[in-house]
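S.K.: Sharing a structure, written as structure tokens. Questions coming.
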Amino acid sequence: MSGGRKSNRAPNGENNRRHDEKFIQDVLSRTSGSPCERAAGLLPALTDDALEDMDRRLVQAHLEHCPGCRTLAVTLGWLDPLLPKMAFLDPGPEFTQKVLSRTSLAAPGLSAGPVTEPTAFGPAGVMDRLGRWWQRQILRPVFPMQVAYAATVVIVLLVATPVSPFRQAPGRLLQTVQAGPESLPIVGSLLDSTTHGTSIWVQGQVDYVSQTIRDETTGAWRGAESDLTARMERTNSERGSMKSHLGDLVRNLKGGNLGDAGYDLHRVLKSGRRAWALWWNSESIAESNLESTIERRTP
Amino acid sequence: MDQVELLKRCQDGDELAWEVLVRQQQGRICSIAYGYVGDQDEAQDLAQDIFVRLYKRLDTCRDAEKFVSWLISIARNACLDHLRRRKARPPRRDIPAEEMSSLKDAGPTPEENWVRSSRQKLVHRALRQLSEINREIILLKDIQGLPLEEIAGLLELPLGTIKSRSSRARVELARAIVDLGEGPGGGSDGTLGAEAVS
């Protein structure tokens, strides 16, 4: 009999607990609302052990009664140490060779097989060594920048040194540009000859010039047309992205999801900026501009 | 090995230094590429492209101390360019239904070959469910360990937004894992959920 009582008590205790829980949930739903969102917001800090004592006790008290949040807490508990371990994925042994074959001196055709030192002596050996040295120089990533720097220095020395024979060159060039091409002796003499030519020759020149103008105009028009088409094509992807982000923005605004809407607005502006850059520059220039902007922003 | 010296030697065209750098960073680059594209073969090809891009721009890395951040920013830009091109590219043809079923039964997915741990597979599946910004925050902060300030610079968002988003992103990821039915106690290999919050 006592065993029968015991078996009846457990379900009653469970029923009482469920009843109490339902009562609490009813009260919360009619007052503050469900605390699960707040608890979820504090769970990362709980797993990081960064909660104040009172907050930690409140969250733990909630976890005792909320299986959903408890599941979330346990998941966060194993997730936190796992994520940093995912920073590296082993791509297999062949990957490195594939990369090296696409870069550096290991590229096929540039240095197939082991590097052998030149054995010849005399002028042939010197030329061989010089060739190898030059090959190594031009394949260095920093080489283009060094060449540009050296060229700038040479130009400055040529046009700015008092004893340089090219010292007057920039000034003369400027004068020529300002005075027009007829200031050049050879062009001037050609122009003069037209004033002494026969009327037939003049007529022929006029016809020729008119024809040239017509051809140039047609060519320019076609060029402008193809340029416009090219600009439309290269901005097509970005305009598409902008439209897609705009759609997301409208959806999130309608759904009241202001956080995501803010991000969508950011993406719309970003796509717009890129489309603008692509419209006015070639793709590579636009890309490098954007990346340099990003790199500038990186402290 | 001294990272500053290694980078300088790479910039000077030392092939051995470049090989060491590739071996050192290939896991990171593959992880980033996989995090963005979610497909092993595509990620491997993309990772190679990232290294080629990196090699061409080695001389633009001014601060060797910030090499990893610089590397991640280049990798991220390449991934976004790739995704943009993939989005713009029209599908080549429709795959007939019968081919779809044969593709589905064609053995383990690339993900299963590359990612060994069942929990890591689960996290990658859950990452696909997240919003774009939350996925990037998880990839950059929690997986790659970038400081919040640098993430804010990369994503061109205020630092405060990144801070507040960071915790929410982790909760969203945990929810996605639970929603996948693989939360604690629900793991297919019976190992998930064995740990409790310490």
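S.K.: Applying 1/(1 + (r/R0)^6) with R0 = 35 Å to the Cβ-Cβ distance of A:Gln135 and A:Ser164, what FRET efficiency is obtained, to the nearest 0.05?
M.R.: 0.60
S.K.: OK, next. Go through A:Lys85/B:Lys163; B:Lys87/B:Lys163; A:Lys85/B:Lys56; A:Lys98/B:Lys56; A:Lys22/B:Lys163; A:Lys85/B:Lys66 and tell me which ones have a Cα-Cα distance over 26 Å in this structure.
M.R.: Result: B:Lys87/B:Lys163; A:Lys85/B:Lys56; A:Lys22/B:Lys163 exceed 26 Å.
S.K.: OK, next. Expected output is a single nm value to one decimal: the length gained when fully extending between A:Met145 and A:Trp201, i.e. 0.36 nm times separation in residues minus the C-alpha distance. What is it?
M.R.: Roughly 14.8 nm would be gained on extension.
S.K.: Work out the mean other chain Cβ neighbour count within 10 Å for the residues of B:76-88 and drop it here as an integer.
M.R.: 2
S.K.: Per residue of A:67-77, count partner chain C-beta atoms within 10 Å of its C-beta, then hand back the mean as an integer.
M.R.: Going residue by residue through A:67-77 and averaging, the value is 6.
S.K.: If packing is taken as the average number of other Cβ atoms within 10 Å across a peptide's residues, how do B:145-151, B:165-171 rank, most packed first?
M.R.: B:165-171, B:145-151
S.K.: What is the mean number of Cβ atoms from other protein chains located within 10 Å of the Cβ atom of each residue in peptide B:44-51, rounded to a whole number?
M.R.: That average works out to 4.
S.K.: If A:Trp134, A:Trp279 are ordered by their accessible area, calculated over protein heavy atoms with a 1.4 Å probe, which sequence runs from highest to lowest?
M.R.: A:Trp134, A:Trp279
S.K.: A plus B alone minus the pair: what accessible area, both sides summed, probe 1.4 Å, in Å² to 100?
M.R.: Using a 1.4 Å probe on protein heavy atoms, the buried area is about 6300 Å².
S.K.: Could you sort B:76-83, B:131-138 so that the peptide with the highest average Cβ count within 10 Å comes first and the rest follow in order?
M.R.: B:131-138, B:76-83
S.K.: Now a separate question. Once you list every other residue whose beta carbon is under 9 Å from the beta carbon of A:Gly259, what net charge do they have if Lys and Arg are +1 and Asp and Glu are -1?
M.R.: Value of the local net charge: +1.
The values are calculated or read from the model by the stated rules, or taken from the named source; none is laboratory data. As the structure is a computational prediction, the values presented were derived from the model and not from experiment. Please note: Cβ atoms are built from the backbone with ideal geometry, for glycine as well, and neighbour counts cover all protein chains shown. Accessible surface areas use protein heavy atoms only, side chains included; no ligands, DNA or RNA. Shrake-Rupley method; radii C 1.70, N 1.55, O 1.52, S 1.80 Å.
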